[in-house]
């Protein structure tokens with residue numbers, strides 16, 4: 001049995017157990033490639049409506065791969081996306097959940113497909129006019145501010161996610177240090193140094209917001225120069241808004257979030273302040289930039305473990321560039 005046939009069989013049985021799937025037929029099932037965190041299958045659900053006409057719902061099956069860089073919880077992601085349907089953010093509408101993977105083979109979400117295309121390096125795409133790219137960069141930044149402005153209390157996200165309060169930095173450092181300890185197969189002195197220094201200097205948070213935790217053009221869909229979707233909420237949690245801001249301004253993500261000499265990290269921070277109405281504590285941001293480099297390195301340690309365990313095809317590991325950037329950020333981070 002081919003993988004496609006197996007997926008189609010499991011998917012058909014799963015949907016048949018849900019009345020709101022209208023006993024629909026699965027058509028155009030196509031694998032959309034695999035990422036570092038998920039496998040994606042596109043398909044249409046075709047069914048006859050009460051009006052006698054044929055209806056079609058375009059969907060995507062997002063399934064945990066056998067080996068990902070990180071482990072996350074599908075039920076939590078599903079609940080977050082359900083809550084965000086009322087937020088006004090351009091998020092996918094989730095339809096069904098197989099939290100434990102009993103039906104679909106691995107933990108999975110099924111959600112509606114949204115229009116648009118994804119381009120990791122759209123801001124560096126020289127085929128686009130500079131003014132258009134700067135406009136997109138500003139829209140991305142404004143969207144990040146909108147994420148942080150979400151009223152998570154009213155949406156009920158406090159029932160799904162833990163509020164770390166003023167100690168968000170310490171909580172995130174502890175979480176990613178635990179992942180490092182779990183997955184490392186060899187000593188990483190640079191990472192141990194980062195853990196020690198970041199632990200000594202962890203700032204306190206002035207406010208708690210919804211944090212996306214992997215905000216980037218690669219997780220955005222664009223259509224007609226507009227953002228149609230913000231995807232991949234698997235790492236979302238409550239925390240410090242500077243976590244997201246540190247992620248998008250760290251040097252390791254510069255090719256995704258900046259435009260040389262036209263939209264640098266400081267331009268991004270200044271525009272975020274304008275859109276959010278909140279002054280950014282530059283010293284605290286420096287800590288989060290260093291933490292973001294540490295988090296990137298830990299993800300690669302986990303990727304290496306997955307490869308050696310036979311759960312991933314590509315042997316990720318912290319590169320010299322990642323480690324050097326991490327140490328530079330830690331050393332530059334104000335004491």
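Annotations for the structure displayed:
- Gained length - residue 200 relative to residue 134, 0.36 nm times residue gap less alpha-carbon distance: 20.0 nm
- Helix-only mean residue ellipticity at 222 nm for the chain, each DSSP H run of n ≥ 4 adding -39500 (n - 2.57), per residue, nearest 500: -13500 deg cm²/dmol
- Gain in span if fully extended, residue 186 to residue 50, counting 0.36 nm per residue against the direct Cα distance: 42.9 nm
- According to the calculation over all Cα-Cα pairs in the stretch 63-132, the P(r) per 5 Å bin from zero is 3, 14, 17, 17, 16, 13, 9, 7, 3, 1 %.
- In the chain, the longest principal axis of the Cα atoms and the axis of helix 265-276 are about 70 degrees apart.
- Global form of the stretch 153-224, assessed from the alpha-carbon gyration tensor, a/c cut-off 1.5: oblate
- In degrees, nearest ten, helix 189-201 long axis to first principal axis of the chain (Cα): 80
- Counting only Cα atoms, the size of the stretch 262-334 along its three principal axes is 48, 26, 22 Å, in decreasing order.
- Cα shape, the stretch 3-112, gyration tensor, a/c 1.5 rule: oblate
- Taking all C-alpha pairs of the stretch 91-192, those more than 22 Å from each other amount to 65 percent.
- Cα gyration tensor shape of the stretch 187-299, rounded if a/c is under 1.5, else prolate or oblate by comparing a/b with b/c: prolate
- Amide N of the stretch 99-123 lying under 16 Å from the label point, which is placed 7 angstrom from the Cα of residue 18 along Cα→Cβ: 99-114
- Helix axis angle, 130-149 relative to the chain longest principal axis, alpha carbon, degrees: 90
- The distance from the alpha carbon centre of the stretch 206-271 to that of the stretch 139-154 is 11 Å, rounded to a whole number.
- Rg to Rh quotient for the stretch 125-167, alpha carbon positions, Kirkwood Rh: 1.27
- For the chain, the convex hull spanned by the alpha carbon atoms encloses 154 Å³ per residue.
Each reported figure results from applying straightforward, stated rules to the coordinates on display, with no laboratory input. Note that the coordinates shown come from a computational prediction; the quantities given were computed from them, not determined experimentally. With ideal geometry, Cβ positions are generated from the backbone for all residues, glycine too; neighbour counts draw on all protein chains shown.
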